[in-house]
Amino acid sequence: MSELGIGELARRTGLTPQVIRAWETRFDFPQPRRTPSGRRAYDPSDVDRIARVLTLKESGSRLAQAIARVVRQGDAEGRDLSIYGELRRQLPHLETRLMRRDVLVAISRAIEDEALARAVRPVVFGAFQREDFYLPSAPHWQELARTAEGCVVFADFADPPDPDARPMRVPLDRDSPLLREWAVVVRSADFSTVLTAWEVPGSAADGDRQFETIFSFEPDAVRVAVETCLSAARAAGLPEEAILRDPAAAEVGPPRTPSPGVDALVLRAFGYLQQLSTPVRPGSRR
């Protein structure tokens, strides 16, 4: 697991190096290791820990309280509720990229449509942050849920989860790291992938929401994402038998034909991105 310099930690969290050093001085958080040359070196898990602090702070906690809570919890509790954080912890080799919201929308739509086209009895999870972000996609997800072994969406839903609903809507606590995350996870024998991202703090103020993103077809990445989503659903009080029609569905192995699936999804995503960037002609219906 490679360590991060203060500049890279700042880039991934949206903080400045000055703020990170100030937190270290005032709160002894985060705690870097010093290299022989005296430079600060941070564990990659500090990205998720800082994200959890920022989530608590945005939910109304004072900074000192938020840091104390994250330190007291340690890594275990927060990991169960952060898809991005758990992937970074368990699979640090996965590449991350900064993406705009419109790019994430296009890739997410491509994943959903590819799952509808070729995934057989999949397990599907989605993290939408807010209910109003989910509602425009609700008809799509209802169709996904119709033939899925399990279909769960996470957001700040006001109502408690209904075990009979498809998809199952899971409300998130105000301090859940998933409130910062965007995710689409699909696992089946024919098509499996994970897209997960967390919103960089302050990007919305610039009118251009930015997300640090992991997008992977690796079987281990999909496995970790599914396990984390199941943990988050169980933490909301849902038994696994209510989440999955067949509990064995969560144990589906790697897709039988990964390369065609990757190619088809990438082509579909680029098609959607091209639509986003194509100028509207006079008289067009778009």
Given (1) buried (at least 17 other Cβ atoms within 10 Å of the Cβ); (2) without any contact (Cβ under 8 Å) to a residue 60 or more places away in the chain; (3) not in a helix (DSSP H, G or I), where does SER37 come up short, assuming only one miss? (1)
Extreme residue, modelled with the highest pLDDT, among residues of region 76-88 that are among the charged types (D, E, K, R) and over 9 Å from ASP48 (Cα atoms): ASP80
Selection status of VAL120, assigned by TED's automatic domain parsing to the domain that holds VAL185, touching a residue at least 40 places away in the same chain (Cβ under 8 Å) and not in a helix (DSSP H, G or I): yes
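The values are calculated or read from the model by the stated rules, or taken from the named source; none is laboratory data. Predicted model, so just to flag it, every value in this text is computed and none were measured. Because the Cβ atoms are built from the backbone with ideal geometry, glycine has one as well, and the counts that use them run over all protein chains shown.
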